[in-house]
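Chemist: Here you go, one structure.
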Amino acid sequence: MPSDTPPRDDDSLMNRFERSGMRRARGRDAVLCILVAAAILVLFEGSAVRRAGEETSGGVGRSVLLAVGRPTTWIADHLPLHKAGTNATSWLEPEQNLGGGAFATPGTAAGGVPAVTADAFEPEAIGAKPPPRRRLHTLLVTGDSMSMPLDDYLAQRLDPKGVHVIEDPHIGTGISSTLIVNWGKLAVAQVREDHPEAVVVFIGANDGYSMPAPDGREVSCCDAEWAAIYANRVRAMANTYRQAGRARVYWITLPTPREPARQEIARAVNAAIEVAVQPWADQVRLINSVPVFTPGAVYRDAMPIDGTETIVREADGVHLNEAGSSLLAKIVTGRMEHDFYF
Amino acid sequence: MVFPSIPFAVFFPIVLAISWALMARPIAWKPFMLAASYVFYAAAGPTFCLLLAGVTLANQLAAVLISRAEGERRRRILVGSAVALDLFVLGVFKYYSFFVGQLASTLGHLGLGAPLPLLTIALPVGVSFFTFQAISYVVDVGRRVTEPASMLDFAVYLSFFPHLIAGPIVRAREFLPQLASPRDPNRVAVGSGVSLIALGLIKKVIIADYLARVLVDPVFAVPQAYSGPDILLAAYGYTAEIYCDFSGYTDMAIGLALLLGYVFPQNFRSPYRATGFRDFWRRWHMTLSRFLRDFLFIPLGGSRGGRLATYRNLMITMLLAGLWHGAAWTFVLWGAFHGAGLVAEHALKGRIRAPAWVKWLVTFHLIVFSWILFRASSLTIAGVFLSRLFAPGPATLWSPAVLAAIAVVIILQLLPFEPLQWIQARMEGMRPVLLGVGLAVVILFVGATVPSEGVPPFIYFRF
């Protein structure tokens, strides 16, 4: 291994460009070069400037970006280059590797029959030996308002046992609407930030929004087409949360709500969740709350707990109350004990 | 504002065009560049600009007083006061919470726990870099190596946006002469500048962020969850990541300065090619190494006071180098490890004969080991990480892409020639339009790999 350390008299190597004879262009060449690059970027990705402005929180910077972004967006939108650029570079998108964490318009699988992998089978379900249990260090509990106060009860149960429980509810959000929170992106951010070994997801109370189909049509709730789009989004999130098989996900279905209109949505949501997690049954556990809280998908306010009839639902007929959440936390931790010790 | 971002992509072409338009008139160019640099810094936090302005004013005042001081003693006192002020600023903003926390913990253990004024102080980005540059200025003025600059020149030097946030640490005597006269508009290294910007983007966004995302961050977050093969790969992965992250930033900074007509000192020279710790520090973060050598190691006595004094000076220098990187025991331990490596190398000099490749292999793996201390969020995590190094289990993170990324980073540094210089020489002969097209294509491809949350901050932004 040769050692070619610089001589002491020029240890900052300030003259390296002189010595190599590299300073032979003009200042105007530098400007021309950068302006050409900027112009090409505007043609291909002009709308990115406006998006950056919209994501900036107030101030002069936001105003400048929006002012620059309006004409650049207009230019990019009137040219076919953006689509061509996206097609040329889409294979590099990191979310593809995370299973489409950011919601893209769901499309059909590429040609051929998708392969079924071993991840689709729970070893216990087919009588095989399960993998050894691991110690649980970090648990993420997330979802919409349904995940509250479940998250508190899980923290109460697991914090004393040395598990770091991260409570990350996003009230008023839904998978079918990206207006407030894009759950595809949020899932990626949560995993990136917290690297949880286990994730509990309880969401769906606010869903039922129409979503775009692959051909751009808006699909209203709650037919099979809507459920398929919803399932694709759930699958993308589940794939992100499972972290290539390193983590376990516990996805809780919605207990049947009181209102008939909401029941229709809950049925579609639950059906979509069941289909979505099938490829990774070994890593994404479905916790079906319907038989527990609303057997036969029939709504009920109260149920027997430890021999006593106990109210388990909130007055809104959607959420679980303290008693219901406490019971659910017990069920979830019981299921987690198959995979972890704590 | 980070270099690989949309706001900077809007900011830089405007600044570059105006800069060259005003270059012939320094009376207009300097205020413009000062304002542009403060706008750049304000994007990180407008209030931080007050700190930067305060450091600028105080050090310029000190430099003027030092240059006018009669007598060596008075000059030394003024230099010492200015350096102490800079270190106080650094201490308050960077180390206050660390030291108060440690003090509270110690008092608590002794049963003397008392409520201490634990304030939450935001760390201004780049504070470690611009305070070091201010120190280099007043010390060089005190040593009569540099004449005091005008207030405007010094302010431009300290705030010049390409090096403001994360270096390289440009010495006053390297930059102020370039401000003395307008840059020659016919001697600009455009090809080198563009190639460095493109290379920096590729290093940071494609390699460093990718390795962090799929390998390093998950493993260092919960090393308990991974077995030996993955732990080992994560150690090599971080070795590649931190080089690409930091040298990528430096490449972009040097490239941007070149397009503006300015030259910065070199900061990296194939560091993983080093055959010893001394050699490593001549190749890794070279501007920090020079700063520590000239403003800490040599003033402490360097190697002039005999063997033991040299060892002491090396250890002090590297312990403080560790602490400079962050207020945490992991960084202190990292600095101590490098200090011990330098001491051992000094002590064994000439006593051990080994082929160059053996020296390289040993040095490289000691450096990899030291990065584990550097990256771990706590000593506990570092301990767990090391304890899992030989834990049997599957290699779940070994993928061709990860292996290729790590191998490319290391092998390219071992080549007998520097591929970058060859690329720069080729690009220097290209037409500017072609260079612009090439840069745009690189940005489009690099941009496609950015995840939805955007480009993660550079590792050295924290320092």
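Chemist: Which of rounded, prolate, oblate describes segment A:25-89, given a ≥ b ≥ c as roots of the alpha-carbon gyration tensor eigenvalues and a/c under 1.5 marking rounded, otherwise prolate only if a/b is larger than b/c?
Modeler: Oblate shape, in that a/c is at least 1.5 and b/c is the bigger or equal ratio.
Chemist: So what J values fall out for segment B:304-320 if you push phi through Karplus, 6.51 cos²θ - 1.76 cosθ + 1.60 with θ = phi - 60°, rounded to Hz, Gly and Pro as x?
Modeler: Karplus values, whole Hz, x for Gly and Pro: 8, x, x, 4, 5, 5, 5, 4, 4, 5, 5, 5, 4, 4, 6, 4, 5.
Chemist: Around A:Ile311, under 15 Å between beta carbons, what's the net of Lys plus Arg minus Asp minus Glu among the other residues? Could you put the intermediate results ahead of the total?
Modeler: Details: positive: A:Arg258, A:Arg300, A:Arg313; negative: A:Asp301, A:Asp306, A:Glu309, A:Glu314, A:Asp316, A:Glu322.
Residues near A:Ile311 contribute -3 overall.
Chemist: While we're on this one: Order by neighbour count: B:Leu292, B:Leu259, fewest other Cβ atoms within 10 Å first, most last.
Modeler: Least crowded to most crowded, the residues run B:Leu292, B:Leu259.
Chemist: So how far apart, in nm, are the two label points at B:Leu50 and B:Leu107 if each is 7 Å from Cα heading toward Cβ?
Modeler: Label-label distance for B:Leu50 and B:Leu107, simple model: 2.8 nm.
Chemist: Excluding residues fewer than 8 places away in the same chain, name every one of the lysines whose C-alpha is closer than 27 Å to that of B:Lys94.
Modeler: B:Lys204
Chemist: Considering only the other residues whose Cβ falls under 12 Å of the Cβ of A:Tyr209, what net charge follows from Lys and Arg at +1 and Asp and Glu at -1?
Modeler: In short, -1.
Chemist: When a/c is below 1.5 the answer is rounded, else prolate if a/b is larger than b/c, else oblate, so apply that to segment B:190-462 with a ≥ b ≥ c taken from the square roots of the Cα gyration tensor eigenvalues. Provide the component values of the computation, followed by the final result.
Modeler: On the way: a/c = 1.81, a/b = 1.20, b/c = 1.51.
Oblate is the answer for segment B:190-462, as a/c is 1.5 or above yet b/c matches or exceeds a/b.
Chemist: Amide H of A:Thr138 versus every other amide H placed in the peptide plane: which residues, excluding those fewer than 5 positions away on the same chain, fall under 5 Å?
Modeler: Excluding prolines and chain starts, which carry no amide H, the hits are A:His164, A:Glu197, A:Ala198.
Chemist: Oh, and also: Which distance in Å, rounded to a whole number, links the C-alpha centroids of segment A:301-330 and segment A:249-268?
Modeler: What the calculation gives is 16 Å, centre to centre.
Chemist: Another question, then. With just the Cα atoms of the protein assembly as shown, tell me how far they stretch along each of the three principal axes, in Å, largest first.
Modeler: Taking the Cα atoms of the protein assembly as shown, the three principal extents are 93, 69, 54 Å.
Chemist: Give me a comma-separated list of calculated 3J(HN,Hα) values for segment A:142-155, in order, Karplus coefficients 6.51, -1.76, 1.60 applied at θ = phi - 60°, integers in Hz, x for any Gly or Pro.
Modeler: Working through the residues one at a time gives 9, x, 8, 5, 4, 7, 10, x, 3, 4, 5, 5, 5, 5 Hz.
Chemist: Let me ask something else. What do you get when you divide the Cα radius of gyration of segment B:311-408 by 2.2 N^0.38 Å, with N the number of residues?
Modeler: 1.29
Chemist: Here's another thing I want to ask about it. Express in whole angstrom the spacing between the alpha-carbon centres of segment B:288-310 and segment A:146-179.
Modeler: If we compute the Cα centre of each part, the gap is 54 Å.
Chemist: Report the label-to-label distance for B:Phe390 and A:Asp306 in nanometres (one decimal), using points 7 Å from each Cα along the Cα→Cβ vector.
Modeler: Once both label points are built, they end up 5.0 nm from each other.
Chemist: Right, another one. Need one word for segment B:167-210: rounded, prolate or oblate. Basis is the Cα gyration tensor (sqrt eigenvalues a ≥ b ≥ c); a/c below 1.5 gives rounded, then a/b vs b/c decides.
Modeler: It is oblate, given that a/c is not under 1.5 and a/b is not larger than b/c.
Chemist: Related question: Could you list, bin by bin from short to long, the percent of Cα-Cα pairs of segment A:140-245 in 5 Å steps?
Modeler: Distribution as computed: 2, 12, 21, 22, 18, 12, 7, 3, 2, 1, 0 percent.
Chemist: Taking θ as phi - 60°, what are the ³J(HN,Hα) couplings along segment B:348-356 by the Karplus curve (6.51, -1.76, 1.60), each to the nearest whole Hz, with x for Gly and Pro?
Modeler: Values, residue by residue: 8, 4, x, 8, 10, 9, 8, x, 4 Hz.
Chemist: Taking H placed 1.01 Å from N in the peptide plane, check which residues at least 5 places from A:Val219 or on another chain put their amide H under 5 Å from its amide H.
Modeler: Amide H neighbours of A:Val219: A:Met211, A:Ala213.
Chemist: Grab the alpha carbons of segment B:1-107, take their convex hull, and tell me the volume per residue in Å³. Could the numbers behind the result be given before it?
Modeler: Details: hull volume 15.9 nm³, N = 107.
Looking at segment B:1-107, the number lands at 148 Å³ per residue.
Chemist: Using modelled backbone amide H atoms (1.01 Å from N, in-plane), which distant-in-sequence or interchain residues come within less than 5 Å of A:Ala302's amide H?
Modeler: So A:Ala302 has HN proximity to A:Val312.
Chemist: Using only Cα atoms, what Kirkwood radius does chain B have, in angstroms?
Modeler: 23.7
Chemist: Using the Cα centre of the protein assembly as shown as origin and beta-carbon charges of +1 (Lys, Arg) and -1 (Asp, Glu), tell me which of A:Leu35, B:Ser227, B:Gly54 is placed farthest towards the positive end of the dipole.
Modeler: Farthest towards the positive pole: B:Gly54.
Chemist: While we're on this one: May I ask you to sort A:Glu274, A:Glu259, B:Glu428 by Cβ crowding, counting other Cβ atoms within 10 Å and putting the fewest first? Walk me through the numbers before you get to the answer.
Modeler: Details: A:Glu274 16, A:Glu259 13, B:Glu428 22.
Result, fewest neighbours first: A:Glu259, A:Glu274, B:Glu428.
Chemist: For segment A:118-341, what is the charge dipole size about the Cα centre, in debye to the nearest 20, if Lys and Arg each add +1 at the Cβ and Asp and Glu each add -1 at the Cβ?
Modeler: Details: 22 positive and 29 negative charges, 134 e Å.
For segment A:118-341, the charge dipole is close to 640 debye.
Chemist: Over segment B:282-399, what is the mean sequence separation of C-alpha contacts under 8 Å (at least six apart), divided by residue count, expressed as relative contact order in percent?
Modeler: Worked out over segment B:282-399, it gives 18 percent.
Chemist: Could you size up the charge dipole of the protein assembly as shown around its Cα centre, putting +1 on the beta carbon of Lys and Arg and -1 on that of Asp and Glu, and report it in debye to the nearest 20?
Modeler: Taking the Cα centre of the protein assembly as shown as origin, the dipole is about 3760 debye.
Chemist: Please work out the C-alpha center-to-center distance from segment B:160-176 to segment B:198-238 and express it in whole Å.
Modeler: Cα centroid of segment B:160-176 versus Cα centroid of segment B:198-238: 30 Å apart.
Chemist: Here is a follow-up. What is the sum of charges around A:Gln156, taking Lys and Arg as +1, Asp and Glu as -1, for the other residues whose C-beta is under 13 Å from the C-beta of A:Gln156?
Modeler: Neighbour charge sum, excluding A:Gln156 itself: -2.
Chemist: Nearest 5 is fine: what % of DSSP beta bridges in the protein assembly as shown come out antiparallel, could you say?
Modeler: The antiparallel fraction comes to roughly 25 percent.
Computed from the coordinates by the stated procedures, all read-outs in this text should not be read as laboratory data. Remember, predicted model here, so these are calculated numbers, not experimental data. For neighbour counting, all protein chains shown are included, and Cβ atoms are generated from backbone atoms with ideal geometry for every residue, glycine included.
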